[in-house]
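In what follows, a single structure is set out as structure tokens and then discussed.
The values are calculated or read from the model by the stated rules, or taken from the named source; none is laboratory data. Computed from a prediction, not measured in an experiment: that's the story for all the values here. Reconstructed Cβ throughout: ideal geometry from the backbone, glycine too, with neighbour counts over all protein chains shown.
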Amino acid sequence: MKKTYILGNWKSNKTMDEAKEWYSAFTKAMPPNDPDCTVIICPSFHHLPVFVDPPFALGVQDLSPFPEGAYTGEIAAKMVSGDVQYALLGHSERRTNLGETDALISRKVERAIETGITPVVCVSSLEQADALRGLVPAFEKTGLLLYEPLSAIGSGNADTPENAGAKAKEIREILPVPVLYGGSVTPDNVKGFVENEHLSGVGVGGASLDAGKFSRLIAAAR
Ligand code: PGA
């Protein structure tokens, strides 16, 4: 059976109390672990201490492009490398709202790889995947890609599994790493994406914020 990833991205949501409530509810509702299906939660840095011995993997939503040192406000990969296994990098919201470029994202990817964190890089086009291949050759050995068409993010208009799978196939011809699909994934549509032969799982924004809904989504994906 192919390895599947289900990655929940909380984005910039939840107070500390809400994060604690989610964790308590999710650990009760979560389907039993499946070695072929890796569940990854990416809360904000602020929430990481809530997750003590989580029965799933943890990721961050960003990393500093710099090493540890005099970079005020930045969170270096080394600071979190003992606490998380994954880093979601280059999300389209950061590319759009903060002007993150392929060159900047590639430096964050390098920091992740050198500290043993698996980078999950978000791309919305073949060009963005191609830029990464050129800038960080080591990515091919360790990384994951999350393909997210801009029109599908947060809109309720998910792409079809056929379209997303066809795009993943093209991306994999450029960068042969597992490709996940993201954009309005729900418990009702997740199965089509995880069953597609070219996709290795899903990235989930809005539907990961509710512990019950996210548990149902995981159950439906298996
Ligand atoms: P969404 O977000 O599931 O709310 O559409 C997906 C994402 O941006 O990763």
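Listing for the model above:
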quantity	calculated
Scope segment 17-32; condition exposed (fewer than 11 other Cβ atoms within 10 Å of the Cβ) and either part of a loop (DSSP other than H, G, I, E, B) or of a type in the set (A, V, I, L, M, F, W, C) (or both); matching residues	Pro32
Segment 133-170: number of residues that are surrounded by fewer than 22 Cβ atoms within 10 Å (Cβ to Cβ), touching a Ser or Thr at 6+ places or on another chain (Cβ under 8 Å) and over 15 Å from Val123 (Cβ atoms)	5
Of all residues making up segment 101-157, the number that are basic (Lys, Arg) and modelled with pLDDT under 95	2
Flag for Leu217 being within 14 Å of the ligand (Cβ to nearest atom), surrounded by 15 or more Cβ atoms within 10 Å (Cβ to Cβ), within 15 Å of the chain's Cα centre (by Cα) and of a type in the set (A, V, I, L, M)	no
Residue list for segment 183-213, restricted to those being within 15 Å of Lys11 (Cα to Cα) and touching a Pro at 6+ places or on another chain (Cβ under 9 Å)	Gly183, Ala207
Set Ser92, Ser124, Ser106: member being within 16 Å of the ligand (Cβ to nearest atom), farther than 23 Å from His46 by Cβ and buried (at least 16 other Cβ atoms within 10 Å of the Cβ)	Ser124
Spans of helices (runs of 4 or more DSSP H) in segment 65-168 with at least 3 residues of a type outside the set (Lys, Arg) and closer than 20 Å to Tyr5 by Cβ	102-114, 126-135, 139-142
Residue match in segment 174-197 (condition: away from the ligand (no atom under 14 Å from the Cβ), in contact (Cβ under 8 Å) with a residue 60 or more places away in the chain, of a type in the set (Gly, Ala, Ser) and closer than 19 Å to Leu89 by Cβ)	no
Output for segment 158-170, where each listed residue is closer than 18 Å to His91 by Cα and not basic (Lys, Arg)	Ala158, Asp159, Ala164, Ala168
